[in-house]
Structure formats: C-alpha cells, structure tokens
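Q: The structure follows.
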Amino acid sequence: MTLEQALQYVAKGRVDVAVLPKAEAEYVLQQMKVRQVQAVQPALELLPMYHYIHQKHQALVGPLTAQLEKLIAPVQATGHQ
C-alpha cells in the first residue's frame, strides 16, 4: 500500500488511523489537497536518523551535518516531529 492509498483510506473514513512518517504524509496530503486528515500530536515515536556519505565525499560531512542540525533544531526545541 502506498502513502497516498493509506491517506485516501483515512480521508474516506475506511480506516481511522494510518501510522506514517509525518513529513512524507504531509507532502502527499498537500498534493492530494486533503484537508480533513490531521496528524496526531504528540508523535507516537521519534526515531533517530543517520546520514551516510561515500568516503570520496568526506569533506562534505561537516557542512552536511551542520545543515541537517539546522533543519532539525526547531523539531528538537518543540518536541514535535
């Protein structure tokens, strides 16, 4: 089942809940123009993320890490996903 299919089930009332990654679900909902589906707060679970990079791009590790930390800082500050 795709994210879109899961969200269509929720939007149509065929299921009550779909457990999905928030960012991806929000993107799909935006594309579908669905307004009646809401995220449950707080998140059920927060999972750590890791990024991997090929050793030939080792010089990018520092800048990439800094940018990712900027992106997740608001999430960590509010406790929302």
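Q: Which ones in the stretch 45-66 are within 19 Å of the chain's Cα centre (by Cα) and surrounded by 10 or more Cβ atoms within 10 Å (Cβ to Cβ)?
A: Of everything in the stretch 45-66, those that are within 19 Å of the chain's Cα centre (by Cα) and surrounded by 10 or more Cβ atoms within 10 Å (Cβ to Cβ) turn out to be Leu46, Leu64, Thr65.
Q: Can you tell me which residue within the stretch 24-44, out of those that are assigned to a helix (DSSP H, G or I), without any contact (Cβ under 8 Å) to a residue 24 or more places away in the chain and within 23 Å of Leu68 (Cβ to Cβ), is nearest to the chain's Cα centre (by Cα)?
A: So the residue we want is Glu24.
Q: Sticking with this one: Looking at the stretch 6-23, can you tell me whether even one residue there is assigned to a helix (DSSP H, G or I) and modelled with pLDDT under 90?
A: yes
Q: Here's another thing I want to ask about it. Which of the residues that make up the stretch 24-41 are over 23 Å from Ile72 (Cβ atoms), modelled with pLDDT of 90 or more and hydrophobic (A, V, I, L, M, F, W, C)?
A: Met32, Val37
The values are calculated or read from the model by the stated rules, or taken from the named source; none is laboratory data. Everything numeric here is computed off the predicted structure, so don't read it as measured data. We place every Cβ from the backbone using ideal geometry, glycine too, and count neighbours over all the protein chains shown.
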